[in-house]
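Below is one structure, written out as structure tokens; comments come after it.
The values are calculated or read from the model by the stated rules, or taken from the named source; none is laboratory data. Everything numeric here is computed off the predicted structure, so don't read it as measured data. As a convention, Cβ positions derive from the backbone with ideal geometry for all residues, glycine included, and neighbour counts pool all protein chains shown. Keep in mind that these areas ignore ligands, DNA and RNA; they rest on the heavy atoms of the full protein, side chains included. Shrake-Rupley method; radii C 1.70, N 1.55, O 1.52, S 1.80 Å.
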Amino acid sequence: MDSAQVTLASVAPVFSVMRIASNGHVSCYERNKAELCQELGLQPRYLRFQHLFSIISHNNCVLMRMGHLKAILSPDHLLFLDFRAGPGIEAWLREELVPQLLGKGQLATYSLPFEFWALEGILQHKIGELQRMLADLEPSVLHTLEGVLNPQLLSLDRSQLHALLQTSRSLSELETDVRVFRESLLNILDDDELISDLCLTRSDGKPAVTHADEMELLLDSYLRQADEAANSIRGLKELIDDSESVVFLNLDSHRNIMMRLSLQLTMGTFSLTLFGLVGVAFGMNLQSNLEEDPRAFWLITGLLFMGSGIMWRHLLSFLGHHLEPSAKPPLPSMLRRNVSSKDAFGKRESKPESSGFNSRRHTFMNR
């Protein structure tokens with residue numbers, strides 16, 4: 001029995017915890033999962049942090065995960081689990097978050113409880129990280145698109161296409177993170193009870209109404225920033241899609257040029273081969289008395305080249321005649337009706353009323 005308990009204790013996960021009190025005191029220690037659950041009064045499933053972005057309220061605690069950040073908010077302290085897992089998290093906690101928790105945040109109302117400052121600091125860090133990633137990707141995307149769509153280049157640079165593929169993949173990953181972050185905030189804003197649960201500091205057993213309003217305003221401000229980032233990402237992806245269309249049109253144009261050149265060469269070869277049959281006939285061991293004339297060779301050779309050139313030109317004109325459209329493409333029925341109605345209206349305006357009933361009506365109106 002003792003050995004089984006020792007075995008279970010040895011495999012239990014251990015968290016590296018940083019505790020930030022409401023007065024700014026910072027302490028670091030290690031706790032296993034069972035001890036931490038007993039200390040906070042939580043069930044083990046709440047410490048799994050399965051979702052990449054989540055905000056859950058339970059047992060007068062707010063459990064948050066924002067990427068690498070795993071935090072537990074309470075009315076008087078803030079716990080960060082595995083704070084060394086992400087790059088630069090520990091430095092941010094000590095250098096930026098602690099001063100912000102002491103009253104240097106961006107909230108308009110400075111008489112709010114401790115959990116407001118902690119929630120603001122975490123959301124501000126995450127949306128700032130997403131915005132920095134977007135600011136790093138945007139110049140790279142625009143520079144790559146400028147290189148891909150350069151009209152001075154006759155062929156596409158594969159390195160530029162590879163760079164565009166990499167930036168597009170990174171942009172899609174960032175779009176997923178922004179979308180999940182936005183949905184996590186939107187799910188809370190759509191439920192008044194969840195907003196009230198985030199207000200841990202209570203008055204007479206119930207959260208203050210003003211605290212719930214302030215919490216909604218706080219979450220809504222970061223939701224707007226997430227919407228702006230999502231719109232910027234959507235605009236960049238539309239530019240990439242448009243550039244892909246231009247690239248495909250460019251490739252189709254080059255392919256059509258090569259096909260036309262191949263067809264012209266094929267027609268030229270056919271013309272030379274057809275008139276070359278005459279040379280084959282003269283090359284046979286037949287007596288025609290033309291081989292005795294010194295001018296016959298040049299005359300027949302000139303006629304062969306001339307005939308081949310004439311036939312090639314006729315084939316090219318035939319090709320151009322069938323490739324060019326014989327008539328303008330028909331307009332859609334609705335568009336044709338609109339054009340015809342406009343033309344008729346224009347004619348009615350420009351036509352003078354000089355005869356018949358119109359002239360008499362004009363005279364009567366003048367009288």
- Inside the range 12-79, counting only strands (runs of 3 or more DSSP E) that do not spill past its ends, which hold 2 or more residues that are under 26 Å from V178 (Cα atoms)? 53-58, 61-66, 69-73
- Sole residue being open to solvent by less than 80 Å² (accessible area, probe 1.4 Å), without any contact (Cβ under 8 Å) to a residue 24 or more places away in the chain and farther than 30 Å from I55 by Cα, chosen from S271, S262: S262
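Table: residues versus (1) loosely packed, with under 13 Cβ neighbours inside 10 Å; (2) at pLDDT below 85.
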residue	(1), (2)
S203	yes, yes
V209	yes, yes
E216	no, no
E228	no, no
N231	yes, no
S243	no, yes
S253	yes, yes
